[in-house]
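Inspection log for the structure reproduced underneath, given as structure tokens.
What follows draws every value from the coordinates through simple rules; no lab data is involved. Small disclaimer: the values here were computed from a predicted structure and weren't measured. Cβ sites come from the backbone with ideal geometry, for glycine too, and all protein chains shown count toward neighbours.
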Amino acid sequence: MTNPTVDFQKSFEAVQSLMNLQAQAVTKSIEQQKKSGEELTSFFKTEAEKAKELKTPEELIKFNMEANKALFELLKGQGEAFTAIANETRDAAMAELQAITK
């Protein structure tokens with residue numbers, strides 16, 4: 001019975017490539033966190049300025065509903081951005097793993 005030959009160089013390169021993918025994903029995630037934080041800060045500053053102009057309970061209710069809807073959309077978009085980073089990294093890692101198994 002013979003043992004299959006292991007190509008250590010190919011294995012090393014694959015591990016190195018996967019580690020690079022992980023580092024890139026972390027970097028993108030950190031950048032996205034920073035962007036998300038800046039977007040949220042801007043959102044709340046803008047909404048606070050708008051709230052200063054409210055004069056009636058009806059305006060307050062309308063403002064609150066619109067602000068909550070806008071915040072939900074902002075958070076939804078941010079979640080989608082993080083999901084895109086995860087999916088991109090997963091697809092690249094799977095492609096790398098498939099390449100080393102050939």
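Take the Cα of THR101, step 7 Å toward its Cβ, do the same at VAL15, and the gap between the two points is 1.9 nm. Tilt of helix 57-100 relative to the longest C-alpha principal axis of the chain, in degrees (0 to 90, nearest 10)? With rounding to tens, the tilt is 10 degrees. Axis angle, to the nearest 10 degrees, between helix 8-51 and the longest C-alpha principal axis of the chain: 0 degrees. Beyond 22 Å in Cα-Cα separation lie the following of the pairs LYS45/LYS76; LYS35/LYS76; LYS35/LYS55; LYS45/LYS69; LYS52/LYS76; LYS35/LYS69: LYS35/LYS55; LYS52/LYS76. Taken about its Cα centre, the chain carries a charge dipole of roughly 80 debye when the Cβ of each Lys and Arg holds +1 and the Cβ of each Asp and Glu holds -1. Our summary gives the chain a relative contact order of 57 percent, counting only alpha carbon pairs under 8 angstrom and 6 or more residues apart.
Looking only at LEU71, LEU54, LEU18, which one moves most when the chain is put into a Gaussian network model with springs between Cα atoms under 10 Å? Highest fluctuation of the listed residues: LEU54.
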